[in-house]
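The values are calculated or read from the model by the stated rules, or taken from the named source; none is laboratory data. What you see is a predicted model; the values in this text were computed from it and never measured. Ideal geometry is used to build each Cβ from the backbone, glycine not excepted, and the neighbour counts take in all protein chains shown.
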Amino acid sequence: MAFDGITIANIVSELNRTITGGKINKIAQPENDELLITVKNQKTQYRLFISASASLPLIYLTGSNKPSPLTAPNFCMLLRKHIGSGKILSVTQPGLERIIQIKLEHLNEMGDLCRKYLMIEIMGKHSNIIFCDEDFVIIDSIKHVSSHMSSVREVLPGRDYFIPQTQEKQNPLTVSYEEFLEKVLQRPCSVSKALYLSLTGISPLIGEELCARASIDGGLPTDSLSDIEKVHLYHTFSRMMEDVSSSNFSPGIIYRDSEPVEYASFPLSMYGDLKRVTYDSISEMLESYYAEKNIVTKMRQKSAQLRRVVQSALERSSKKLILQKKQQKDTDKKDKYRIYGELINTYGYNLEPEQKSFEALNYYTNEMITVPLDPALTPSENAKKYFERYSKLKRTQEALAVLIKETCEELEHLESISMALDMAMSEDDLSQLRDELAEYGYIRRKNTDGRRKKKNQFQPLHYVSSDGFHIYIGKNNFQNDELTFKFASGNDWWFHAKGQPGSHVIVKTEGEELPDRTFEEAGRLAAYYSKGRSAPKVEIDYTQKKNIKKPRGGKPGFVVYYTNYSLLIDPDISSIRQIKESR
């Protein structure tokens, strides 16, 4: 994610279409480093959210409001006094800097027309909101920066405002081909790094994207480029700058699985294999991205304890399975003891007292073998000892077979919970997983009426196929059980990734026959919501719900079926429409 000069240019373009010419109606300061400015323009109300937070500086139009403190901070009061009912004349961006300049007009106490500037700097930890007069003298700022804090520029009332030139960077909107060759492609570093180090407002993401569009490896050194590659890179760069100048933007978010990983104002060819959701508004995209990112971050924080519990249980069960299989391998020699006992019974009459071993023909393999003997025991006692050893190993092997089966089922169950934790998007989802872990003794149960809550929390994922059939996906094992055995009807179709943890996928047929395309889309969803989602192809089993059975005592989500079809399909669900609200 890069709040770079191109993103700023996209925001400026949107603000010019919306709030330029409008009148400021309200100014609030919800947090120490935030402003929320309400603007009325052409009978429409807009809220401009500005954050100068060092960790997450932002600016976009929002439809939501935030509560303000009872006593407005000094900076907020100052803005209300000067521009509380001011008019926005223009919104501009100097070059491709990460700066937005809002030019305002208002009447002073004497009724004279005055102009002011609100300078919004989105520069990471140096972000600030600075209020200047018409001569660009600082009136005040949301953050004061003294000479002790910065040797480059003071941001204090009475100081002249200027954009600090801390690096020798070129304006990408005006750079010529000769300057591009000299200032950019002669830097002793990689091509992508040279782009973002030499050009104002170009982020590392855009540097890599320009290289990808020009079919150049961004990690190559600049001096390795041929003349043709340099020309091609410059023309690729120029076309992008033409789109910036003409406000030809297409904001969108890149998703890996269901998690937003990147956003940009242009399509990113470097992420061509990932899903991209486009937006008409850069503000809508930014608000959606950070809201979804915030949900993912919060859910990871809230699920951290459950993840540790599941991971510890997985490691414990894996070690147990290794030990059980080793013990099972040791029991493979049981038949040797049975054969020893049988051979002693067969040839024991020829044995001499205190004999330590004898050779005999193994009539199972027609080979001669040596049978060890305990000289202190009689032949019949030796045979009895070997038969007892055989019986003990046989009982151990049978018991281990049951234990290994139980451990494998436990591992499969824990892996399904681990996958469900990745899918969890709400506190209700985590609550169900907490109940499941408590039910099987991995954690203590905190909620005594957990079973009653599970029913109310049934909210599976909901998609609609291209042919209009509704498809539902369980987000955890409890939902899988309820989806398959309570929600689905006998002739509905059931899909699941073969031989690996995954969600149950139900297609509601409503008595109709499913077209091939719906089978394929349901298969893709079953592949995507499984442990194999990163594989190019996943094998999917599918059958009608009436063929699915729940074994007695089976764990949640565990089913058996003996009649099914199979398909091999990729887990690409980008073309399948999701319904946000389930049934």
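Assorted remarks:
- Considering the range 316-349, and only residues there that are of a type in the set (Val, Ile, Thr) and buried (at least 16 other Cβ atoms within 10 Å of the Cβ), the residue that is farthest from HIS413 (Cα to Cα) turns out to be ILE344.
- For the range 247-258, the set of residues classified as under 28 Å from ALA214 (Cα atoms) and under 17 Å from the mean Cα position of the chain (by Cα) consists of GLY252, ILE253, ILE254, TYR255, ARG256, ASP257, listed by residue number.
- Residue that is crowded, with 19+ Cβ neighbours inside 10 Å, in a strand (DSSP E or B), out of contact with any helix residue (DSSP H, G or I) (no Cβ under 6 Å at 6 or more places or on another chain) and in the same structural domain as GLU14 (by TED's automatic domain parsing), where the choices are LEU118, LEU61, LEU104: LEU118
- The set of residues in the range 10-49 that are farther than 26 Å from GLY201 by Cβ, over 35 Å from the mean Cα position of the chain (by Cα) and assigned to a strand (DSSP E or B) comprises LYS23, ILE24, ASN25, LYS26, ILE27, LYS40, ASN41, THR44.
- Within the range 422-437, being aliphatic (A, V, I, L, M) and closer than 19 Å to ALA313 by Cα holds for LEU430, LEU433, LEU437.
- Lone qualifier among LYS475, LYS486 - being outside the structural domain of LEU411 (by TED's automatic domain parsing), over 21 Å from the mean Cα position of the chain (by Cα) and not hydrophobic (A, V, I, L, M, F, W, C): LYS486
- Test: residue in the range 78-99 that is under 39 Å from the mean Cα position of the chain (by Cα), surrounded by 15 or more Cβ atoms within 10 Å (Cβ to Cβ) and without any contact (Cβ under 8 Å) to a residue 60 or more places away in the chain: no
- Number of residues in the range 263-315 that are surrounded by 16 or more Cβ atoms within 10 Å (Cβ to Cβ), over 27 Å from ALA214 (Cβ atoms) and among the polar types (S, T, N, Q): the value is 4.
- Restricted to the range 357-374, and to residues there that are in a loop (DSSP other than H, G, I, E, B) and of a type in the set (Phe, Trp, Tyr), the residue that is nearest to the chain's Cα centre (by Cα) is TYR364.
- Selection over the range 8-58 of residues that are in contact with a Phe, Trp or Tyr (Cβ under 9 Å, 6 or more places away or on another chain), surrounded by fewer than 18 Cβ atoms within 10 Å (Cβ to Cβ) and among the hydroxyl-bearing types (Ser, Thr, Tyr) gives a count of 1.
- Hits in the range 468-486 - residues which are of a type in the set (A, V, I, L, M, F, W, C) and free of Cβ contacts under 8 Å to residues at least 40 places away in the same chain: LEU483
- When PHE495, PHE478, PHE558 are checked against the criterion of being surrounded by fewer than 22 Cβ atoms within 10 Å (Cβ to Cβ) and either modelled with pLDDT of 95 or more or of a type in the set (Phe, Trp, Tyr) (or both), PHE558 stands alone in meeting it.
- Within the range 254-277, residues that are over 23 Å from LEU58 (Cα atoms) and modelled with pLDDT of 90 or more have Cβ atoms under 8 Å from residues that are acidic (Asp, Glu) and outside any strand (DSSP E or B) in these pairs: SER269/GLU209; MET270/GLU208; MET270/GLU209, counting only partners at least 6 apart in sequence or on another chain.
- Per the listing MET368, MET423, the residue uniquely within 24 Å of LYS302 (Cα to Cα) and among the aliphatic types (A, V, I, L, M) is MET423.
- Matching entry among TYR279, TYR271 (being in contact with a strand residue (DSSP E or B) (Cβ under 8 Å, 6 or more places away or on another chain), over 20 Å from PRO204 (Cα atoms) and in the same structural domain as GLY207 (by TED's automatic domain parsing)): TYR279
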